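Asks: My structure is below; once you've seen it, I'll send some questions.
Please treat every number below as a calculation from the coordinates, not as lab data. Nothing here was measured: the structure is a model prediction, and the numbers come from that model. Note that we place each Cβ from the backbone using ideal geometry, even for glycine, and neighbour counts take in every protein chain shown.
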Amino acid sequence: MRFDVLTAGPEDGEVVLLLHGFPQSATMWRPQLEALAGTGYRAVAFDQRGYSPRARPPEVKDYKIDRLVEDALAVAGDEPFHVVGHDFGAMVAWHLAAKHPDRIRTLTAISVPHPLAFATALASPSGDQRQRSAYISFFRTEDLAEELLLAGGLTAMLMASGYPGDIPERVQALSEPGALTAVLNWYRAAGFDLVRGVGSITVPTLYVWSTDDVALGREGAEATARHVDGPYRFEILDGVSHWIPEEVPDVLTRLLIEHLKAQ
């Protein structure tokens, strides 16, 4: 497979790998790429499996979390690196830190809590995470999800969630033949492997969550601290939507660089 990659900063700088989520691409990280490069880091953001046109394997099983982790390790290179992830990219980042702590200098997770904290919130009968995550069952419905999302559902979903980016551009990118099915396969491949083998995190961790996130609630966010044994910083952004990197890039960049430099 061949991945489309954006890089910035000196080639001998410490690598900061930035992982996007649904339905985004590496371009969401442009403000962070520029800022990290200016601080001496080697910033690397890539369109992940399914999002890169030349990296779209056909089978659902090809999108299991361990495959996504392997992609990130391969793109990052041989040296230890910092990892930053948003949305499903954060899930990949949690797995990287849990399963390959020797490769990870620091972890920055945005929006999505630790997988075990998320699972606990999802199973809670008194919480609201199950309702917030109802869209996942829809995403897992083959053919019907593609049909409805391309018929206007994706545009409506992004508008309702407060997405501040270029919605027509995202819809056009995912309207390419096979693109939407490939990225939905991330959700269709997800199972117990999302929590299997993900224990306590020992690397320095920054977790950023926002109060107006329609997809991720407070219960899982606050429970994440129970699953981090290393240095931990939890930042809550009041009045900010799920789309933290695009909505408040300056705030996120400041928190990120503070976290990297503190280690």
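Asks: Can you confirm whether Arg170 is among the basic types (Lys, Arg) and closer than 22 Å to Leu122 by Cα?
Replies: Judged against the criteria, Arg170 is not a match.
Asks: Report, by residue number, each residue of the range 185-211 that is charged (D, E, K, R) and either crowded, with 16+ Cβ neighbours inside 10 Å or free of Cβ contacts under 8 Å to residues at least 40 places away in the same chain (or both).
Replies: Arg188, Arg196
Asks: Of all the strands (runs of 3 or more DSSP E) wholly in the range 11-90, which have at least 1 residues that are closer than 27 Å to Pro168 by Cα and touching a residue at least 60 places away in the same chain (Cβ under 8 Å)?
Replies: 15-19, 81-86
Asks: What residue, among those in the range 118-128 that are surrounded by fewer than 23 Cβ atoms within 10 Å (Cβ to Cβ) and part of a helix (DSSP H, G or I), is farthest from the chain's Cα centre (by Cα)?
Replies: Across the range 118-128, the extreme among qualifying residues is Ala123.
Asks: Go through the range 212-221 and report how many residues are free of Cβ contacts under 8 Å to residues at least 60 places away in the same chain and either within 15 Å of Thr108 (Cβ to Cβ) or out of contact with any Ser or Thr (no Cβ under 9 Å at 6 or more places or on another chain) (or both).
Replies: Residues meeting the conditions: 0.
Asks: Of the residues Leu237, Leu216, Leu256, Leu206, which is part of a helix (DSSP H, G or I) and of a type outside the set (Gly, Ala, Ser)?
Replies: Within the list Leu237, Leu216, Leu256, Leu206, the selection yields Leu256.
Asks: Can you confirm whether the range 81-89 contains a residue that is farther than 27 Å from Thr211 by Cβ and touching a strand residue (DSSP E or B) at 6+ places or on another chain (Cβ under 7 Å)?
Replies: So far as the range 81-89 goes, yes, one or more of its residues are farther than 27 Å from Thr211 by Cβ and touching a strand residue (DSSP E or B) at 6+ places or on another chain (Cβ under 7 Å).
One line per residue, one yes/no per condition, for (1) under 30 Å from Arg56 (Cβ atoms); (2) over 18 Å from the mean Cα position of the chain (by Cα):
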| position | (1), (2) |
| --- | --- |
| Ala145 | yes, yes |
| Gly162 | yes, no |
| Gln172 | yes, yes |
| Ala182 | yes, no |
| Leu206 | no, no |
| Val251 | no, no |
